[in-house]
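Here is the structure we will look at, set down as structure tokens.
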Amino acid sequence: MRMFTLQMNNDKRQWRRWYAAFPKLDIRCSNLGYRKRDDIMIAKRVARRSGLEFSELGFGAAAIGNLYRPISDNQAHDVLEMALYAGMSYVDTAPHYGHGLSERRVGDVIRERRDVLLSTKVGRLLKADRSLSGCRMREGFCSPMPFTRLYDYSYDGILRSWEDSRQRLGMAAIDILYVHDIGRLTHGERNDYHFDALTSGGGFRALEELRAAREIAAFGIGANEWEICVSAMDHVDMDVVLLAGRYTLLDQSALARFLPLCLERDVSVVIGGPYNSGILATGTRRSGPVHYDYGEAPPEVIEKVSKMEALCDHFRVPLAAAALQFPLAHPAVVSVIPGLGNVARVQQTVDLYLTAIPTEFWNALRYIYLLDDAAPVPVQ
């Protein structure tokens, strides 16, 4: 059973009354953040190999790198402060997110904190480009940062990426490094070249040396495909994988082979993209395009989600709550990190995390073949 701990009172209704006061708080107040975290705590899970503690709900920092739309520095500061206040003590960022903007904003908030678990990514180097100016949309991010990206998974590239991230963050230590977006979905025919840079070119060796020297506590892969993670495990003993969009209510392709292998190798798993680019958060009953897997949802996916929505109506379960809680039922999973771009989304996400979902709902999903029979489900 998952535990949600309110130290002064374990009654969920007391937590909701306290939580309802969030909008009245001045989240720029110096009393917010880690010093008041004892009031409420999202459950934590300990990674098998590294011993690191992950909050079950983590903060995915792509949105504060201006993913799809710009937000101000103050807005970015507020949403991360609120997430930390709510107990989301695991924060994930990357150089790619806003071409360095996300890392700068994350660092400004967490730099003096000692209770935040931080991950960023390696594999992309940022190169200054004088031809870039203003806030323009590039690779999904509307960022003013005048940098272009260069893939480099070699020994020197990994070390330089780590050092560059420390400077952007303004922090001497980073807990976890993920090799970002290795795999054919990103690189196509060039993937063999980049994967060879990790193996023969020393990229994995650089990460092993950083871990052995205790410069980092853990490393792994951060990708949208589980197959490349399996391949990597043949070459290196990694600690954790951040897998986006491949263990969700809509896509359980990682269940049969990848997740059992992670349990066997003591590799912990963080699940990104629990809403599959939005369709499991918004549903299908909205005007405008419905998004799935970084694009417009195909008819067969819309039909499947429509069936889920009908079951959600019957059991009075928010679809987004089921999507958020489902990955956490698997024993290999230590955290799920939805993207959060504003304070209201933080509040909504914690509410979804706390929503009670009856066992009958999960049984019904299985009965109409919307959920793999082998997939563990949350137990209230």
*Among (1) over 24 Å from I271 (Cβ atoms); (2) crowded, with 21+ Cβ neighbours inside 10 Å; (3) out of contact with any Phe, Trp or Tyr (no Cβ under 8 Å at 6 or more places or on another chain), where does G134 come up short?*
(2)
_Criterion first (out of contact with any Asp or Glu (no Cβ under 8 Å at 6 or more places or on another chain), assigned to a helix (DSSP H, G or I) and of a type in the set (G, A, S)) does A374 satisfy it?_
no
*Return yes when L324 is under 24 Å from the mean Cα position of the chain (by Cα), at pLDDT 95 or above, in a helix (DSSP H, G or I) and farther than 22 Å from Y353 by Cα and no when it is not.*
no
*Within region 193-251, restricting attention to residues that are aromatic (F, W, Y) and part of a helix (DSSP H, G or I), which residue is nearest to S50 (Cα to Cα)?*
F204
*Scope region 101-122; condition among the small types (G, A, S), in contact with a helix residue (DSSP H, G or I) (Cβ under 9 Å, 6 or more places away or on another chain) and buried (at least 24 other Cβ atoms within 10 Å of the Cβ); matching residues*: S102
_Test of understanding: among L259, L263, L250, which residue is open to solvent by 30 Å² or more (accessible area, probe 1.4 Å) and either more than 25 Å from V346 (Cβ to Cβ) or in contact with a helix residue (DSSP H, G or I) (Cβ under 6 Å, 6 or more places away or on another chain) (or both)?_
L263
*If you take the residues of region 284-315 that are in a loop (DSSP other than H, G, I, E, B) and touching a helix residue (DSSP H, G or I) at 6+ places or on another chain (Cβ under 9 Å), which of them is surrounded by the fewest Cβ atoms within 10 Å (Cβ to Cβ)?*
R285
*In region 186-194, is there at least one residue being among the acidic types (D, E) and under 16 Å from L159 (Cβ atoms)?*
no
_For region 212-224, check the following and say yes or no: at least one residue is within 21 Å of the chain's Cα centre (by Cα) and either more than 27 Å from K44 (Cβ to Cβ) or of a type in the set (D, E, K, R) (or both)._
no
*Residue check for R149: open to solvent by 50 Å² or more (accessible area, probe 1.4 Å), touching a strand residue (DSSP E or B) at 6+ places or on another chain (Cβ under 9 Å) and modelled with pLDDT of 95 or more*: no
_Which pairs turn up if I take residues in region 289-302 that are on the phi < 0 side of the Ramachandran plot and look for partners that are aromatic (F, W, Y) with beta carbon separation below 6 Å, at least 6 apart in sequence or on another chain?_
V301/Y292
*asked:* Is it the case, given these coordinates, that A281 is assigned to a helix (DSSP H, G or I), open to solvent by 10 Å² or more (accessible area, probe 1.4 Å) and under 30 Å from F219 (Cα atoms)?
replied: yes
*Pairs under 6 Å by beta carbon, first residue over 15 Å from H314 (Cα atoms) and open to solvent by less than 20 Å² (accessible area, probe 1.4 Å) in region 358-375, partner of a type in the set (S, T, N, Q) and in a loop (DSSP other than H, G, I, E, B), six or more apart or different chains?*
A375/Q252
*Test: residue in region 333-349 that is touching a Lys or Arg at 6+ places or on another chain (Cβ under 9 Å), over 16 Å from D251 (Cβ atoms), part of a helix (DSSP H, G or I) and modelled with pLDDT under 95*: no
_Which listed residue is over 25 Å from Y353 (Cβ atoms), in contact (Cβ under 8 Å) with a residue 12 or more places away in the chain and open to solvent by 30 Å² or more (accessible area, probe 1.4 Å), from E209, E163, E227, E189_ = E227
*For region 252-278, name all the residues that are more than 20 Å from the chain's Cα centre (by Cα) and either in a loop (DSSP other than H, G, I, E, B) or of a type outside the set (A, V, I, L, M) (or both).*
A256, R257, P260, E264, R265
*In region 116-169, which residues are of a type in the set (A, V, I, L, M, F, W, C) and out of contact with any Gly (no Cβ under 7 Å at 6 or more places or on another chain)?*
V116, L117, L118, V122, A128, L132, C135, M137, C142, L150, L159, W162
_Residues that are modelled with pLDDT of 95 or more, among the β-branched types (V, I, T) and either within 21 Å of K44 (Cβ to Cβ) or out of contact with any Asp or Glu (no Cβ under 8 Å at 6 or more places or on another chain) (or both): does region 281-298 have at least one?_
no
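The values are calculated or read from the model by the stated rules, or taken from the named source; none is laboratory data. The model shown is predicted, which means the values in this text are computed figures rather than measured ones. We place every Cβ from the backbone using ideal geometry, glycine too, and count neighbours over all the protein chains shown. Accessible surface is based on the protein model in full, side chains and every heavy atom, while ligands, DNA and RNA are left aside. Shrake-Rupley method; radii C 1.70, N 1.55, O 1.52, S 1.80 Å.
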